[in-house]
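Quick notes on the structure that follows.
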Amino acid sequence: MHETHAPATMTTIRSLDELTELIATRRHLYLRWSLGPQTDLSTPTSRDGLTGVELPGLSANPLDVEDWWGERSLRTWAARRLYDYSHLPRVRDGRVRPWLLYGREVARGPDNEPLVRDVRPVGWVDEEVIAQAEQEIARQKGPWGPLSRP
């Protein structure tokens, strides 16, 4: 059995540039939107929203840059990864916040998202970073919105 504990306090990532630097220098980072590690790590599983099925890990979004991204802006990559699920506090629970973690992918969820175990929290992502990500996305050519279901 793998034990995972949340730290008493976590650092906070305060800028999109800081998040970009983390992505540039570390591998196997994930982003999770939830009430935080203190809640998630007591039972490190997620549930499928449609069926209620318990999933074998925490759903999270990988931050590692894919090869197909090429030489494009890492800042834009970071912004998009953060922005895609920025609707969750509005549609699920206003207390939901993004946080970074290291984890080991054990499966894929119903939306093909990684499910991770052996989670090690890294830090909270400040609301200012979300605002900066929104600005970065707004500067892109194509229209884009967060991945949101009605």
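The values are calculated or read from the model by the stated rules, or taken from the named source; none is laboratory data. This is a predicted model, so every value here is computed, not measured. Here the Cβ is made from the backbone with ideal geometry for all residues, glycine too, and neighbour counts use every protein chain on show. Just the protein is used for accessible areas: all its heavy atoms, side chains included, with ligands, DNA and RNA removed. Shrake-Rupley method; radii C 1.70, N 1.55, O 1.52, S 1.80 Å.
Per atom type, the chain shows carbon and sulfur on 48% of its accessible surface, probed at 1.4 Å. Full extension of the chain between residue 80 and residue 42 yields a length gain of 10.8 nm, computed as 0.36 nm times the residue separation minus the alpha carbon distance. Along the chain, the longest continuous region that contains none of the GluC sites (Glu not before Pro) in a DSSP loop with at most 13 other C-beta atoms within 10 Å is 72-150.
Note on the chain: semi-axes of the ellipsoid equivalent to its C-alpha gyration tensor, largest first and rounded to whole Å, are 24, 18, 16.
For the chain, the solvent-accessible area of protein heavy atoms averages 59 Å² per residue (probe radius 1.4 Å; ligands and nucleic acids excluded). Note on residue 68 and residue 134: with the Förster distance fixed at 22 Å, the Cβ-Cβ geometry gives a FRET efficiency of about 0.35. Between residue 106 and residue 15, the distance separating the two model label sites (each 7 Å from Cα on the Cα→Cβ line) works out to 3.8 nm.
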